[in-house]
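Worksheet: one structure, shown below.
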Amino acid sequence: MDAGQETFENDIRRYVELKIDDLKLKTVDSLSVGVSRVLSLMAVLMLGAIVLASFAFGTVLLLGDLIGSWAAAAFIIGGVFLILLIVMLLVWKKLFVDIFVKLFIDIFYGKE
């Protein structure tokens, strides 16, 4: 084997190693962005649920005092949440699936 061919093989080997390192770095970057977005989304959702529950409880108390029955007020507020749930389920794809598809495309392919 001559020196030129050995250099060529070393260059190919080094090129493959660099491509593997590049793939690893891109994977780590994409995963870290994805995990951070999921964790921040979970934190926002948990805080939002606490706020929503607090407002719902306060609304039940106020409405209960106005109409004279806390149980009726709880059923009214529960009905409002049920209507919101039905509307969310009807527009599920547009609200969640399409948004997450775009999110994952941005994470894995970048904004090119």
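A few remarks follow.
- Rough spin-label spacing in nm, given labels placed 7 Å along Cα→Cβ, for residue 82 and residue 56: 1.3
- Here the calculated FRET efficiency for residue 90 and residue 28, from their Cβ-Cβ distance with R0 = 35 Å, stands at 0.35, rounded to the nearest 0.05.
- Contact order normalised by residue count of the chain, Cα under 8 Å, 6+ apart, percent: 23
- Correct choice for mean projected area of the Cα convex hull in nm² that was computed from the model, options [x] 10.6; [y] 10.2; [z] 8.4: [x]
Coordinate-derived values only; no laboratory data. Just so it is clear, the structure is predicted and the values come from calculations on it, not from any experiment. Cβ sites come from the backbone with ideal geometry, for glycine too, and all protein chains shown count toward neighbours.
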